[in-house]
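Reviewing the structure listed below.
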Amino acid sequence: MALRDILKLPDKRLRLISEPVKRIDPGVRALVDDMFETMYAAPGIGLASIQVGVAQRVVVMDLSKKDENHKPLVFINPEITWSSEEKSTHEEGCLSIPEYYEEVERPVAVKVKYQDLDGKAQEIAADGLFATCIQHEIDHTNGVLFIDHISKLKRDRVVKKFTKAAKAAAKKTVEA
Ligand code: K1U
Ligand code: ZN
């Protein structure tokens, strides 16, 4: 297992559309292990593989509470098959946009089909935080960030802030 670097805004790779996983081979299993280690260390409650630079449709999540045992969830090739008409608003964060939180409106409930780590087809219904998080992660597999669901004014402001920080970090590296 290994910790992987999490891509940060404005890294262009976060805008890639990830490829479907054709075969769940040892490489995919190692990627999933590394993603859990990276997500728990961050800490976060979800991670899509493009966030560690791998453009494959792989998502991990764990919505367990602090004092509970881990409940790791793996979604290979997840796809929303149904969304409720009813919408709700939740505060979202993103490990690729650290320390920035904003309210996002999304369908309150969804159904998702996916493959498990054995390659078996599954379908689940999600609501509450589970629905918010799985929609956020499936967005990542399609190159969409949660800031795409907020006002242009707020999005432009956060992109500017992270672009400035990335430039300052790059300048520091060149000077060192
Ligand atoms: O995909 C990601 O960037 C992970 C993201 C998932 C997410 C959070 C909230 C709403 C929608 C999707 C995060 O995990 S951000 C960090 C976070 O929410 C958290 C961190 C520690 C404890 C509890 C939550
Ligand atoms: Zn995210």
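The values are calculated or read from the model by the stated rules, or taken from the named source; none is laboratory data. None of the values given here were measured: they were computed from a predicted structure. So basically every Cβ, Gly included, is an ideal-geometry build from the backbone, and we count neighbours across all protein chains shown. When the accessible area is computed, the model is the full protein with side chains, heavy atoms only, and any ligands, DNA or RNA have been set aside. Shrake-Rupley method; radii C 1.70, N 1.55, O 1.52, S 1.80 Å.
Could you say which residue among Gln115, Gln51 is polar (S, T, N, Q), closer than 24 Å to Gly27 by Cα, in contact with a Leu (Cβ under 7 Å, 6 or more places away or on another chain) and at pLDDT 95 or above?
Going through Gln115, Gln51 in turn, the sole match is Gln51.
Test Val158 against the stated conditions and say whether it is within 16 Å of ligand 2 (Cβ to nearest atom), in contact with a helix residue (DSSP H, G or I) (Cβ under 9 Å, 6 or more places away or on another chain), modelled with pLDDT of 95 or more and of a type in the set (A, V, I, L, M). Yes. Residues in the stretch 12-44 that are open to solvent by 70 Å² or more (accessible area, probe 1.4 Å) and within 16 Å of ligand 2 (Cβ to nearest atom): Lys12, Arg13, Arg15, Leu16, Ile17, Tyr40, Pro43. Out of all the residues in the stretch 132-146, which are touching a Cys at 6+ places or on another chain (Cβ under 8 Å) and within 8 Å of ligand 1 (Cβ to nearest atom)? Scanning the stretch 132-146 gives His136, Phe146.
Of everything listed in (1) among the hydroxyl-bearing types (Ser, Thr, Tyr); (2) more than 27 Å from Lys8 (Cβ to Cβ); (3) in contact with a helix residue (DSSP H, G or I) (Cβ under 7 Å, 6 or more places away or on another chain), the single unmet condition for Ser88 is (3). Consider the stretch 47-73. How many of its residues are within 9 Å of ligand 1 (Cβ to nearest atom) and either crowded, with 18+ Cβ neighbours inside 10 Å or of a type in the set (Val, Ile, Thr) (or both)? Going through the stretch 47-73 one residue at a time, the tally reaches 5.
The test for being more than 10 Å from ligand 1 (Cβ to nearest atom) and touching a residue at least 40 places away in the same chain (Cβ under 8 Å) does not hold for Thr38.
Restricting attention to the stretch 99-150, the residues being surrounded by fewer than 17 Cβ atoms within 10 Å (Cβ to Cβ) and part of a helix (DSSP H, G or I) number 3. The residue pairs whose first member lies in the stretch 141-161 and is over 17 Å from His90 (Cβ atoms), whose second member is small (Gly, Ala, Ser), and whose beta carbons are closer than 6 Å, counting only pairs six or more residues apart or on different chains, are Thr141/Ser18; Thr141/Ala48.
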